[in-house]
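K.L.:
This is the structure, below, for whatever I ask next.
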Amino acid sequence: MCESDGFSGQPAAPPSGGLATTRASVGDCPAFAPQPTNSQQWAIIAVSFQPDDSADVLIENVSGAENGFGDLFSVCNEQPNCVFVHEDTSGLQIPAGGMVEVNVPNTTIEGGELAIYTNNLSIPHPVFCDLFGRAFAFHIVQWGLGPAGDHSLLGDANRDFEWWTPGDLITIDAGDTGFSVIGATDSEDGFVSCNPNL
């Protein structure tokens, strides 16, 4: 069974994702220009922070081919909160360049991190894990003051591939409400502060 990486007992948030129309940009942000790293399949390409201390997160299939989310694929932050990417328990197939949007609670503009996992970290799952019973990560981003919780996901998310440069933090300018991707997905330099309005 897949271990929960220290998150056992945490309730899983209900599914909240949905297939989004492919977009060139959002809000006043520049055109998306993700440069995937390490044969990356999925990338967090925009985050829009909400007044209720949640964040709308836009994920893109950057693999160059149709790709699928398993039934427990999730976006998690360091609180930890894990939200299912979609509601379809049979999985979800996304065309190349296709996008999915999900809202993650307790995610604030002041600082934090978000990671895409094959498994909701609070639910054991025997399939979407490695030989050591750990969930696979596909991407992670950090911003502002960085993770404020007692467990950062960075070390775990970077276990197999370096999805994010340790020490990098995306800067969000005063008056902006989030950020979007304009370059390398593994570095603060690949993201720009803007108003995504997802």
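K.L.:
Looking only at strands (runs of 3 or more DSSP E) that fall completely inside segment 1-95, which ones have 1 or more residues that are within 12 Å of the chain's Cα centre (by Cα), charged (D, E, K, R) and modelled with pLDDT of 85 or more?
P.N.:
Working: elements: 18-20, 42-49, 55-61, 67-69, 74-77, 81-84, 92-94.
Here the list reads 55-61.
K.L.:
Only one of these conditions is not met by Gly112: (1) at positive phi; (2) modelled with pLDDT of 90 or more; (3) more than 13 Å from the chain's Cα centre (by Cα). Which number is it?
P.N.:
(3)
The values are calculated or read from the model by the stated rules, or taken from the named source; none is laboratory data. In this text, all values refer to a predicted model and were calculated from it rather than measured experimentally.
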